[in-house]
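Heads up, the thing below is written out as structure tokens.
The values are calculated or read from the model by the stated rules, or taken from the named source; none is laboratory data. Keep in mind it's a predicted model, so treat the numbers as computed, not measured. All Cβ positions, even for glycine, are placed from backbone atoms using ideal geometry, and neighbour counts span all protein chains on display.
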């Protein structure tokens, strides 16, 4: 069993987030969905982005840390898009054993860090034709993580949806890619949970 903190995308806790949490729980993991929006959910990226701007990234990053403050060391930080950045930020604090990121990664410099914790495993999933993807950000993050010696796995999917695991977004959702992603993610979480305590 692995403890997992799951961070939502810029759109909030939509069905794709809840589906992921249920899949992880069904596999025996303990999952906390961290709500950084106090229940607000968006259908439109522009409206959601405006909300993030109003709240501010520093406040969201603080809320991310508060959301995992009582978890035992060795948990997995996971997230979608903006939430992947939050998971990355949490993992940089040195308490995680793994980070699972879907549709997003940030250069460490954006988070005020110069190096990745070598004991934190990485798994990154991306849509090949995601119009919101910043490949240079992914590459920067992956180069730094690999340089630390951390185990790194990267998976690209031949789809175009940004949040391609969310069935409530029919213009983005891809069922086969979703099934493959969660198959790989469950193996990752099992592997992290099997690591000896640090």
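Does residue 191 satisfy being assigned to a helix (DSSP H, G or I), farther than 23 Å from residue 62 by Cα and modelled with pLDDT under 95? So residue 191 fits the description; yes. When 156, 129 are screened for being over 14 Å from the mean Cα position of the chain (by Cα), modelled with pLDDT of 95 or more and assigned to a strand (DSSP E or B), only 156 passes.
A count restricted to segment 18-58 and to residues that are outside any strand (DSSP E or B) and touching a strand residue (DSSP E or B) at 6+ places or on another chain (Cβ under 6 Å) stands at 8.
Residue 105: part of a loop (DSSP other than H, G, I, E, B) and under 17 Å from residue 185 (Cα atoms), yes or no?
yes
Return a yes/no flag: does segment 96-104 have any residue that is touching a strand residue (DSSP E or B) at 6+ places or on another chain (Cβ under 6 Å), under 19 Å from residue 16 (Cβ atoms) and surrounded by fewer than 23 Cβ atoms within 10 Å (Cβ to Cβ). Checked against the condition, which is being touching a strand residue (DSSP E or B) at 6+ places or on another chain (Cβ under 6 Å), under 19 Å from residue 16 (Cβ atoms) and surrounded by fewer than 23 Cβ atoms within 10 Å (Cβ to Cβ), segment 96-104 yields no hits at all. Hey, any hits in segment 166-178 for a residue that's modelled with pLDDT of 95 or more, within 25 Å of residue 2 (Cα to Cα), part of a loop (DSSP other than H, G, I, E, B) and within 16 Å of the chain's Cα centre (by Cα)? Looking for residues that are modelled with pLDDT of 95 or more, within 25 Å of residue 2 (Cα to Cα), part of a loop (DSSP other than H, G, I, E, B) and within 16 Å of the chain's Cα centre (by Cα), one finds at least one in segment 166-178, hence yes. Picking from residues in segment 62-95 that are outside any loop (DSSP other than H, G, I, E, B) and free of Cβ contacts under 8 Å to residues at least 40 places away in the same chain, the one that is surrounded by the most Cβ atoms within 10 Å (Cβ to Cβ) is 91.
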